[in-house]
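For reference, the structure discussed in these notes is given below.
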Amino acid sequence: MSTSAHAFLSVLAANGVDRIFQVPGESYIGLLDAVADFPQIDLVTCRHEAGAGFMACADGRLTRRPGVLMVSRGPGASNASIALHTAQQDAIPLILVVGQVPRKDLRREAFQEIDYRAMFGTVAKWVFEVTAPEQMAEAAYKAVRMATQGTPGPVVISIPEDLQQQQQPAVHWRAQMHDPLLPSLVALDRVRSLLTHAQRPLIIAGGAWDVPGGREALQAFAQAWQVPVCVAFRRHDIFPNSHPLFVGDLGLANPADQLALLHSSDLILALGTRLDDVTSQNFSFPAYPQPAQTLVHCYPDPRALGLHFATDLGLACHPKGLVEALTPSVTAPCPDARTLWARKLRETHLAMASWPQRVADDGVRFFEVIRHLKAQAPADLRVCLDAGTFAAPVYRHFGFDFPQRLMAPLSGAMGYGTPAAVATALREPQHPVVCLVGDGGFMMTGNEMILAVQRQLPILFILANNASYASIRIHQERAYPTRHLGTDLFNPDFAAMAQGFGMAVEKVEREDQIEAALRRGLQASGPYFIEVKTSLKVTLPQS
């Protein structure tokens, strides 16, 4: 018998959904039962809704299809809210399916009831509560379309438990992507003229380039016009970091001399970025709200254009189509001033990205772990990063060249690393995966690594243990020197924990152990866990 749950799932399957992450709950067992009739859908059972949500976010980012997360009402939905925030901040398509109280109990403050339109309305792109079985297929169809069109993001579907098993015909509606808008000939001529006359142009490249052919189109355009490229916040793998025109990223700790150079640009091409607060250096680059430079802003969602910065030319189209129309078949000679400008930016970036030399006497300098990882990194390595100070040397020094990928949350959410690594290894088993996580983030969602053992995923987990919430400790040292209440951590034996999970384990307590440990971990055929006793002093502000 085809039920409303079957109708819902058949639409998801028709739109390419082949994996669902979930923590089971009695409020959606009707849906859960129906999944058994869809062998093409891999049901991934997780240990906490936050971990499941991060997995769905990572999966949505890799596939550009909606990552799907199913949770129970009340506590389950509350635990999953971090995934919605991450998807919204990172522009990731995500569908959160929440089992709801029976229809007759809606708005009666029933057991575990929440009004999800009120709860998630300012975070999700769309929140819908099913009130009749025949709405199930329609809700799935619209959820896919809403999650993927314009700026990708999260949607929420609330389904009362008593509406999931009524007889309904299965349908296979497919949400077709809209043909991308193309810039007008007038706009193309204007951008071409601006590029021709600019002495110090700069591209700020965002996440919209993560589409088939996007990176190649961006590189061809930058090379043809000899325009240096700075990537947006945590979008390092959009443009090859080894390329002479790569001049760094706009992140959380750009040095003053680099920012001064960037401010001296005379043309900014913001391509595929929303120009969020971090990328724009807390709305100071370019100047807010009226940039000192000519600003061309291109993004597929018109809402992002001019939202924060007055644009001289706003283009509501995909940047890939824009640059393909602007890339000449023959590269024109580059003005000397532009060559010098690009070279100066590149030299400044390389100086910033050089490996530090700070000395530690309280543990392993974690940037040495990253230096050795970079030296051994396969050309297609996936680096899944949690949030914390241990991640800083990855952003500043690692250097990504696609097909290497950086999987890191723009939202800065702790607990992302382990679930993201599991989801990445499930989705791309042909590529090696490394998870870098701190002791704080690991204790939030590290239990999800049991899936790596269950499915024998060859993930290398590297845990940085400095017994501190070090990112917050740094802020304390700056604001309240010598007073750091609440940021010290009393940790368990992480290696013993991983061993108890059934993983191969080793500890690194000296820097001469790093190289061999990484080699063993990268060559392992199953999950491998390395605990690194890291220096806290090296991460703290120098006195």
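The relative contact order of the chain comes to 12 percent, based on Cα pairs under 8 Å that sit 6 or more residues apart. If you bin every alpha carbon distance in the chain into 10 Å steps from zero, what whole percent lands in each bin? Bin by bin from 0 Å, the calculated values are 4, 18, 26, 25, 19, 8, 1, 0. Taking packing as the residue-averaged number of other Cβ atoms within 10 angstrom, the listed peptides 390-399, 170-179 run from highest to lowest as 390-399, 170-179. The length gained on full extension between VAL211 and GLU109, counted as 0.36 nm times the residue separation minus their Cα-Cα distance, comes to 32.3 nm.
The separation of region 302-357 from region 402-435, counted between C-alpha centres, amounts to 27 Å. Gap in Å between the Cα centre of region 497-543 and the Cα centre of region 143-222? Cα centres, region 143-222 to region 497-543: 39 Å. Note on HIS484, HIS318: ascending count of other Cβ atoms within 10 Å places them as HIS484, HIS318, the fewest first.
Projecting label points 7 angstrom from Cα along Cα→Cβ for ASP266 and LYS537 puts them 5.0 nm apart.
With contributions of -39500 (n - 2.57) from each DSSP H run of at least four residues, the per-residue ellipticity at 222 nm computed over the chain stands at -10500 deg cm²/dmol.
Cα centroids of region 226-256 and region 454-471: 27 Å apart. Size check on region 249-305: the Cα extents along the three principal axes, sorted descending, read 33, 23, 18 Å. Other residues with beta-carbon under 12 Å from the beta-carbon of LEU457 carry, at +1 per Lys or Arg and -1 per Asp or Glu, a net charge of +1. Both radii are taken from the alpha-carbon atoms of region 366-539; with Rh as the Kirkwood radius, Rg/Rh is 0.95. The simple Förster model, with R0 at 51 Å and r as the Cβ-Cβ distance, assigns ILE472 and MET177 a FRET efficiency of 0.75. Net charge in the neighbourhood of ALA5 (other residues with Cβ under 10 Å of its Cβ; Lys, Arg +1, Asp, Glu -1) is -2. A quarter of the convex hull surface defined by the alpha-carbon atoms of region 4-163 gives 7.8 nm² as the mean projection. Between HIS243 and SER78, the FRET efficiency estimated from the beta carbon spacing at R0 = 51 angstrom works out to 0.70.
Just so you know, all these numbers are worked out from the coordinates, no wet-lab data involved. Being a predicted model, the structure only gives us computed values, none of them experimental. Because the Cβ atoms are built from the backbone with ideal geometry, glycine has one as well, and the counts that use them run over all protein chains shown.
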